[in-house]
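Asks: Handing you this structure, nothing more for now.
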Amino acid sequence: MGAALVGSSLLAIPGQRAHGQSISAATVTEILDSNQVYIQNRAAQVNSVAQQRQQVRTRDARASLRFNTGAVARLAHNSSLVVGQCAQLTRGTLLVNGNLNGCSTSVVAGVRGTIYTIEVTETGETIVQVFEGEVVVERNPEPIEPMADDFDPLDPSLDPKVPSTDPVVPFVNPMEPSTPPIEPSPVEPPPVDPPNPVPPDPTGPTTPTGPTTPIGPTTPTGPTTPTGPLTGPLGFLTAPKQNSSSSVDGEDSKPVLTDETQAETVDFAPADSITLAEGQQVVVDAEDDEAVITPLSPEDFIDLLEGPLIDGFAVEIPGMANLRRSFEQLFPGIPLPYYWVPAIPTPPIRFPFPF
């Protein structure tokens, strides 16, 4: 019993990164937009499995993965990850839902059952956004070395070219005699006579007597914006976005805080760790010992929902209810978008007598 108490106290120590279940495999469960998904330089299909130290890459495609830990991940276009002790992203964007530590070559994100994204930019920055739950970000002391292969994970131009459609071959009827194509004869342009020179007026220069500006309106008279209703992605009516710099009823609108005014720069040396709560993001440069923490906005949640990591997939991520709860707690004065409002169940109608 004493050993159990010691183990419980160690788990309760703050600042300890939560280590999830060991990652050993990732299975492709869905592919969208094209078939350009690869595992170790081979075209992948649904139910293809990536093992330890193998890379999963996308070109003009998106992919949904299920890890052996039960976590669900989504890869955006032009993304690449290595399966290992963490899902190491080498380029692109990754969405994680569940017990899965995501990382880059410079940082590792320890999760405690959450929904977050990790992005590696072209400049080498790592951006971690937490939408639900909590994430502890630390330096990655031991990046995963992928299996050797004949491609560079950071150079998508070296990826194999896989045609999305079969080549079209023109039909030729063998019963009809083949006739050579008739080449059109070149048409020479008609000769242009040189303009007759106008002799100068000996009385002096003349000035034009006509107007120097065109007659009539110079701006279009029709409306410049559509007058009909705007529709959303599912055909529902949506209101146009208002500009934050515009005024309402002649009064100046309230100033909107930008990310620069809310940003917090913190030390991020190899011995440091950063705990991100839901509704926060951190930007880490691999060459600096500092990190920038900023809050997420409602638009960040909307961009996630309508972006390539969620929109269009047939199977919904399991944590959508938690994502809705997080949005309501972070932004209590902002109504939920119509596609997040849960449907009201309707009880079945029972007739007293059979017909």
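Asks: Please state which of the following conditions A263 fails to meet, knowing it meets all the rest: (1) at pLDDT 90 or above; (2) among the aliphatic types (A, V, I, L, M); (3) under 29 Å from R66 (Cβ atoms).
Replies: (3)
Asks: Let me ask something else about it. Taking into account only those residues within the stretch 275-329 that are without any contact (Cβ under 8 Å) to a residue 40 or more places away in the chain and aliphatic (A, V, I, L, M), which is surrounded by the fewest Cβ atoms within 10 Å (Cβ to Cβ)?
Replies: A321
Asks: Does the stretch 317-325 include one or more residues that are farther than 23 Å from T121 by Cβ and among the small types (G, A, S)?
Replies: Within the stretch 317-325, one or more residues are farther than 23 Å from T121 by Cβ and among the small types (G, A, S).
Asks: Looking at the structure I just gave you, is G133 over 21 Å from the mean Cα position of the chain (by Cα) and open to solvent by 10 Å² or more (accessible area, probe 1.4 Å)?
Replies: So G133 fails the test.
The values are calculated or read from the model by the stated rules, or taken from the named source; none is laboratory data. This one's a predicted model, so the numbers in the text were calculated from it and none came from an experiment. Backbone-built Cβ (ideal geometry, glycine too); neighbour counts: all protein chains shown. The protein model used for the area step is the full one, side chains on, heavy atoms only, and it has no ligands, DNA or RNA in it. Shrake-Rupley method; radii C 1.70, N 1.55, O 1.52, S 1.80 Å.
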